[in-house]
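Working notes, structure below.
The values are calculated or read from the model by the stated rules, or taken from the named source; none is laboratory data. Since this is a predicted model, take the numbers as computed values, not measurements. No Cβ is skipped: glycine too gets one built from the backbone with ideal geometry, and neighbour counts run over all protein chains shown.
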Amino acid sequence: MENIILDGKATSKEIIEKIKTHFEENPTDKKLAIVSVGDDYSSSVYCNMKKKKCEYAHIGCEVFHFEEDVSQQEVEDKIKELASDNSFAGIMIQHPLPKSIDEQKCFNLIPPEKDVDGLSATSFGLIAQSRPLFVPATALGIMKLFEKYNINLVGEKVLMIGKSQIVGLPLSVMLMKAGATVTVAHSRTKNLEDIVKDFDIVIVAIGKAEHVKKDWFKPGQIIVDAGYNEGNVGDVEHTAYEIASYYTPVPGGVGPMTIASLLCQTARAIDNFEA
């Protein structure tokens, strides 16, 4: 049995190099704005990585960081300010926000044409109608990996473990549109360990370190681990990768693709460039 790494690190590098070359030849003063709140570990890591990759690709990036005790109104005012500022082609809000902040209300303040992380209600509705403008970057990154490795989704039975609007829900819709048969489960699904073996592809995005165990799988499944937790571990027990036909490692799998996809959509927002 083949055991093939879905190499997000290498694939994302290819994408970012294309974007870098484009903006070397077509300089822009348009920028990406990232709004972040609080001190969540994984958010801080990804926020810094996004800024560095943008700058590498010759896309300006500004991070607007608020402490956890910031008010809802202050965050909303900043998003509205960025929405009306023509120097910013894209705006994203680094997830998760503290519980004191109404996250969806903030997402919905981003104009669709600047919603390069695809998290507003308008963006989700467009995905459901098969006419997306922008889609959530992690979901897009996973779809790009399937495409890169010629994984045919038509007719495949996919188990999506996780129902967040950041990954699980939009990705489920995108997979269905691609012809897969999708079941959505989550960390509270009863007897989850008994059903994982019934699927061709298992995608996990629940934010719980190594929650899904090796013995839940059967040899030959495709495992996509979209988790990233402190200690550089995913949501799937790492030894499960050993029996997969294809798998995304953590780190080096979905994470880099999330960043590359964000840059892809930012490049499209700036001047309609497709990487």
Within the bounds of the range 14-29, is there any residue that is within 30 Å of I223 (Cβ to Cβ), without any contact (Cβ under 8 Å) to a residue 24 or more places away in the chain and of a type outside the set (S, T, Y)?
-> yes
Is it the case that some residue within the range 49-61 is of a type outside the set (K, R), assigned to a helix (DSSP H, G or I), in contact (Cβ under 8 Å) with a residue 12 or more places away in the chain and within 22 Å of V167 (Cβ to Cβ)?
-> yes
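Residue-wise test of (1) under 25 Å from I222 (Cβ atoms); (2) surrounded by fewer than 16 Cβ atoms within 10 Å (Cβ to Cβ); (3) over 12 Å from the mean Cα position of the chain (by Cα); (4) modelled with pLDDT under 95.
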site: I110; (1), (2), (3), (4): no, no, yes, no
site: L119; (1), (2), (3), (4): no, no, no, no
site: P136; (1), (2), (3), (4): yes, no, no, no
site: I151; (1), (2), (3), (4): yes, no, yes, no
Okay, helices (runs of 4 or more DSSP H) sitting entirely in the range 65-179 with 1 or more residues that are outside the structural domain of D235 (by TED's automatic domain parsing) and more than 24 Å from P256 (Cα to Cα), I get 72-83, 103-107, 121-128
Go through the range 237-255 residue by residue and tally those that are surrounded by fewer than 23 Cβ atoms within 10 Å (Cβ to Cβ), assigned to a helix (DSSP H, G or I) and under 14 Å from the mean Cα position of the chain (by Cα).
-> 0
Sort out which residues of the range 88-102 are closer than 22 Å to T266 by Cα and modelled with pLDDT of 95 or more, and write them in order of number.
-> F88, A89, G90, I91, M92, I93
Being acidic (D, E) and either under 20 Å from the mean Cα position of the chain (by Cα) or assigned to a helix (DSSP H, G or I) (or both), is that true of even one residue in the range 205-213?
-> yes
Of the numbered conditions (1) crowded, with 17+ Cβ neighbours inside 10 Å; (2) outside any helix (DSSP H, G or I), T28 satisfies every one except a single condition; which is it?
-> (1)
Cross-chain or 6+ apart pairs with Cβ under 6 Å, the range 64-79 first and touching a residue at least 24 places away in the same chain (Cβ under 8 Å), then charged (D, E, K, R) and not in a loop (DSSP other than H, G, I, E, B) = F64/K78
